[in-house]
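Okay, structure first, notes after.
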Amino acid sequence: MNETTSQTDSGKRYYIETYGCQMNEYDSSLVAGILEERGYEKSDLAEDADLILVNTCSVREKAEDTALQKLDSIAHLKRKRPGTRLGVIGCMAENRREQILARIPQVDLLLGPDHYDKLGSALDAGAPRRGATTGLGVDRNQTYEGFFPAAPSTVSAFVAIQRGCDKKCTYCIVPFTRGPERSRPSHDILEETRRLVDKGVVEINLLGQTVNSWRSDISFAQLLRELGRIDGVRRIRFTSPHPRHFTESVCLAMAETPAVCPHVHMPVQSGSSRVLRAMRRQYGRDQYLAIVERLRRHIPDVAITTDIIAGYPGETREEHLETLSLMEEVRFDSAFMFAYSARPGTPAALEPETISPQEKLARLQEIIELQQSHSAQRLSEQVGRIEEVLLEGSSRRDEREWIGKTPHFRKVLLHPGPEARPGTILPVRLLARRGTVLRGEVA
Ligand code: 5AD
Ligand code: SF4
């Protein structure tokens with residue numbers, strides 16, 4: 001199949017630490033698949049591994065700092081065990097190469113997101129005498145066709161259907177680290193899904209930076225319908241759609257395919273059309289609200305979640321208030337909320353930062369508080385309903401307590417849990433809200 005199939009490394013152990021987005025989590029499972037085909041076994045401890053990989057994220061400064069600190073401590077470990085090989089993969093391998101090698105000379109492998117297929121040959125080549133083995137730069141044809149991730153340990157799995165991004169939002173580093181948008185062929189996606197189902201997966205989450213712009217021989221809407229026809233696929237999710245590509249046909253495919261969940265994570269970023277234009281988001285406030293309206297028309301109780309950035313360069317107090325008022329209009333079920341972080345190399349990083357760090361954090365705090373109240377209200381509205389809950393596993397705190405999700409992606413705790421296996425879907429009466437989760441009992 002590929003160059004990595006020979007069992008040359010049986011008995012060796014690998015450890016992967018993953019930072020950042022779900023795409024990175026998926027990529028780590030892809031890399032794990034390559035290693036396991038070579039005979040490597042997974043280790044839960046970096047200390048026990050022959051190969052340590054850190055999959056890194058560049059989306060905000062904090063993510064980069066966390067990964068660098070982790071690398072410092074792993075480098076320390078490597079000094080004690082010089083035979084261990086240390087690799088950095090992901091977005092920082094791509095755009096922070098010099099900084100990583102200067103700070104952590106113990107790194108002997110650097111692979112950007114389009115170069116994981118070179119892992120096998122890099123391992124065959126052995127440790128370089130000087131510097132690090134690298135695979136860097138964007139490969140605009142890379143879709144990892146014929147590569148499949150390692151078996152998941154959960155009943156829910158990611159399936160990357162697209163790599164890279166063509167949108168070039170001004171604040172975002174992703175188009176630089178992951179390159180232009182590429183759609184994976186539909187036969188590969190369907191094949192991967194069938195393999196996952198054979199291993200006990202019942203829920204798939206399709207991944208892409210702008211997942212609904214995916215297109216190969218068929219459209220994204222048709223892909224949803226095709227996946228919905230695979231026996232054993234009980235739930236289909238996708239993240240993150242871009243508002244511009246939320247067409248009527250995607251809404252119809254969602255509404256008409258029972259396995260597609262009534263939940264949409266649709267990043268808005270700002271409620272101000274002026275700021276959205278400055279960000280080059282390709283939609284304005286009214287267009288976003290129109291798409292929300294379209295979604296609610298087709299799927300009346302759809303859950304909508306989002307991403308919001310506070311304090312984009314030049315954002316005025318009034319424009320910030322527009323974000324709050326958009327939140328009031330939509331009443332998102334939940335949101336990921338971030339303070340703007342300048343990423344060197346992006347167009348926005350050239351803009352003067354007009355907002356003080358204190359003001360930026362104050363705006364973020366206002367957004368968080370409003371969202372917390374909306375999240376609580378939206379959850380409380382569910383109490384009394386009966387929902388189909390997918391049982392994921394028992395909670396870490398108490399083995400008798402089960403954790404599950406509703407189709408709307410709401411977390412439910414069942415205590416005591418039923419006699420059942422993970423992956424079972426049961427009707428559950430929602431009894432009460434407890435913080436950010438719901439408590440329920442089998443109906
Ligand atoms: N600063 C803050 N947040 C950012 N995001 C992306 N780039 C930045 C940045 N430079 C956020 C966006 C995106 C999410 C994945 O991360 O909200 O949707
Ligand atoms: Fe970044 Fe915009 Fe692409 Fe999302 S759509 S990955 S925010 S450039």
Read through the list (1) touching a Lys or Arg at 6+ places or on another chain (Cβ under 7 Å); (2) open to solvent by less than 10 Å² (accessible area, probe 1.4 Å), then give the number of the only condition that Ser183 fails. (2)
Of the residues Ser240, Ser216, only one is within 16 Å of ligand 2 (Cβ to nearest atom) and in contact with a strand residue (DSSP E or B) (Cβ under 7 Å, 6 or more places away or on another chain); which? Ser240
Of the conditions (1) open to solvent by less than 20 Å² (accessible area, probe 1.4 Å); (2) within 15 Å of ligand 1 (Cβ to nearest atom); (3) of a type outside the set (A, V, I, L, M), the single one that Phe176 does not satisfy is (1)
Where a residue in segment 337-352 is touching a residue at least 24 places away in the same chain (Cβ under 8 Å) and under 11 Å from Gly311 (Cβ atoms) and its partner, wherever it lies, is within 13 Å of ligand 2 (Cβ to nearest atom) and part of a loop (DSSP other than H, G, I, E, B), with Cβ under 6 Å and at least six apart: Tyr340/Tyr312; Ser341/Arg60
Taking segment 343-368 and keeping residues assigned to a helix (DSSP H, G or I), open to solvent by less than 50 Å² (accessible area, probe 1.4 Å) and more than 16 Å from ligand 2 (Cβ to nearest atom) leaves Lys360, Ala362, Arg363, Leu364, Ile367, Ile368
Search result, residues across segment 136-157 that are within 16 Å of ligand 2 (Cβ to nearest atom) and either touching a strand residue (DSSP E or B) at 6+ places or on another chain (Cβ under 8 Å) or modelled with pLDDT of 95 or more (or both): Arg140
Go through segment 390-405 and give me each residue that's open to solvent by 30 Å² or more (accessible area, probe 1.4 Å) and either over 25 Å from the mean Cα position of the chain (by Cα) or not assigned by TED's automatic domain parsing to the domain that holds Gly423 (or both). Arg397, Asp398, Glu399, Arg400
Specify which of the listed residues (Arg215, Arg195, Arg244, Arg234) is in contact with a Gly (Cβ under 9 Å, 6 or more places away or on another chain), basic (Lys, Arg) and open to solvent by 30 Å² or more (accessible area, probe 1.4 Å). Arg234
Of all residues making up segment 107-121, the number that are assigned to a loop (DSSP other than H, G, I, E, B) and free of Cβ contacts under 8 Å to residues at least 40 places away in the same chain: 3
Tell me, which residue of segment 128-165 that is assigned to a strand (DSSP E or B) and open to solvent by less than 30 Å² (accessible area, probe 1.4 Å) is nearest to Ile104 (Cα to Cα)? Gly135
Within segment 48-57, tally of residues that are touching a Phe, Trp or Tyr at 6+ places or on another chain (Cβ under 6 Å), without any contact (Cβ under 8 Å) to a residue 60 or more places away in the chain and either surrounded by fewer than 20 Cβ atoms within 10 Å (Cβ to Cβ) or of a type in the set (A, V, I, L, M, F, W, C) (or both): 3
Scan segment 58-78 for residues that are surrounded by 15 or more Cβ atoms within 10 Å (Cβ to Cβ) and within 10 Å of ligand 1 (Cβ to nearest atom) and jot them down. Ser58, Val59, Arg60, Ala63
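The values are calculated or read from the model by the stated rules, or taken from the named source; none is laboratory data. All figures in this text were calculated on a predicted structure; none of them were measured in a lab. Neighbour counts run over all protein chains shown; Cβ positions are idealised from the backbone, glycine included. The area values use the complete protein model at the heavy-atom level, side chains included, leaving out ligands, DNA and RNA. Shrake-Rupley method; radii C 1.70, N 1.55, O 1.52, S 1.80 Å.
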